[in-house]
Amino acid sequence: MSRLTSHESRDPGDKHGLLADYIHASNRILILTHQNADPDAVCAAFSIRWLIKKLNGKAEARIISPEGVSEQARSVLSRFKIDVEEGLEGLDSPPDLSFMVDTSSMWTLGPLKERVESMVRENPIVLVDHHHPDEGILKYSPLAFIDEEATSTCEVVFKLYKGFGVTPSKKISQILLTGTMFDSRHFMIANSETFEFAAEMCRLGASPSASAEVLHMVAGLSERIARLKAAQRCRIYRVKDWIIAISNLSSYQASGARALVSLGADLAVVMGEKDHVCRVNLRAAESFVGSTGIHLGRDLADDIGRAFDGSGGGHSSAAGIIVEKGSLDKILSHIMGRISGLLGAPLREVKK
């Protein structure tokens, strides 16, 4: 372990103090997000970099999103002039400190997973997230700022600001609001704390209409075709009075799952395999989550990920699984068995 362990005398409960020590002692810092990073991830990452500069102006902080960012995130990068790298080029030795932002598992780092794991054996990672964390990632992190009740990681980042007594600028307030608007589905799944956060961002100069404009994007041709394919290939099951929709797509699994829920499914499971990696996206209607008490990230994704030596996690109504070992059929069988167990009844297919 490096010189970052030199602050052992500080109270372990003083997380902000420990993080301040880490940042002050670091010259090179990495801020990592998940593959295909969404607006919440890139907005949270950039806001952390701004905070780092406030605490240690000499530190060099790079934002890394493996294999790039999503289409909506590209719009955010362009609007706010945010620079994000896809790889670790030029990094010849481990950074002094790394942040894992909006990323609950090492698996979501894709091609950078093994290299990042080797780096953090020398220096730790600080977790900043609002997802249920994968057990494997916690062993690397001496500090974790995780709030599963928050609707976005940007809200968790703002709590970091408050912990340090730092007020975000007008630009950062706009960026934080934009990330939160995206992950809360424009406040459709917001709670009272989300609205209190949004009100504070507005008091600091942010504009909800400006964030909505940045996030507005019509789905492209490929995504719209994928949604239609998800419906075309869909198998429908009933469990009691719940409708479960299961489909497969090689890409746009999240969009396909959202489309199936919008068509009437209470729970949608969309799977796909690419480059020998199986991906599963889970989406549920808020009424399903509220009535059953099932948390997709904790009760389904995390369980299935660990069962296949992969990773899974997410929110109560949206979650994902990544597995390198195992067939889609076996994973689906496990998912269906788990759903049946959670709902206390077998899945019965609705014949076409």
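Derivation of every value follows stated rules applied to the coordinates shown; laboratory data play no part. None of these values were measured; they are calculated from a predicted model. Every residue, glycine as well, gets a Cβ built from its backbone with ideal geometry; the counts of neighbours run over all protein chains shown.
Out of 112, 263, 19, any idea which swings most in a Gaussian network model of the chain, alpha carbons joined below 10 Å?
Greatest mean-square fluctuation among the candidates belongs to 263.
Residue separation times 0.36 nm, minus the C-alpha to C-alpha distance between residue 71 and residue 327: what's the value?
Extra length from residue 71 to residue 327 when fully extended: 89.2 nm.
Please compute the Cα-Cα pair-distance distribution of segment 3-215 with 5 Å bins starting at 0, giving whole percents from short to long.
1, 7, 16, 21, 21, 17, 10, 5, 1, 0
Looking at the chain only, what percent of DSSP beta bridges run antiparallel? Nearest 5 please.
50 percent
Could you tell me how far the Cα centroid of segment 17-49 sits from the Cα centroid of segment 262-310, in Å?
That distance is 28 Å.
Please state, to two decimals, what the Cα-based radius of gyration of segment 187-345 comes to when divided by 2.2 N^0.38 Å (N = residues).
Against the empirical 2.2 N^0.38 Å value, I get 1.13 for segment 187-345.
Counting only C-alpha contacts under 8 Å and six or more residues apart, can you give the relative contact order of the chain as a whole percent?
This gives 12 percent for the chain.
For the pair residue 334 and residue 159, what calculated FRET efficiency results from E = 1/(1 + (r/R0)^6), where r is the Cβ-Cβ distance and R0 = 41 Å, to the nearest 0.05?
After rounding, the FRET efficiency stands at 0.70.
Rounded to the nearest 500, what is the 222 nm mean residue ellipticity of the chain from helices alone, with -39500 (n - 2.57) per DSSP H run of 4+ residues and division by all residues?
So the helix-based figure for the chain works out to -12500 deg cm²/dmol.
Taking segment 74-143, which GluC sites (Glu not before Pro) meet the DSSP loop condition and have no more than 13 other C-beta atoms within 10 Å?
89, 122
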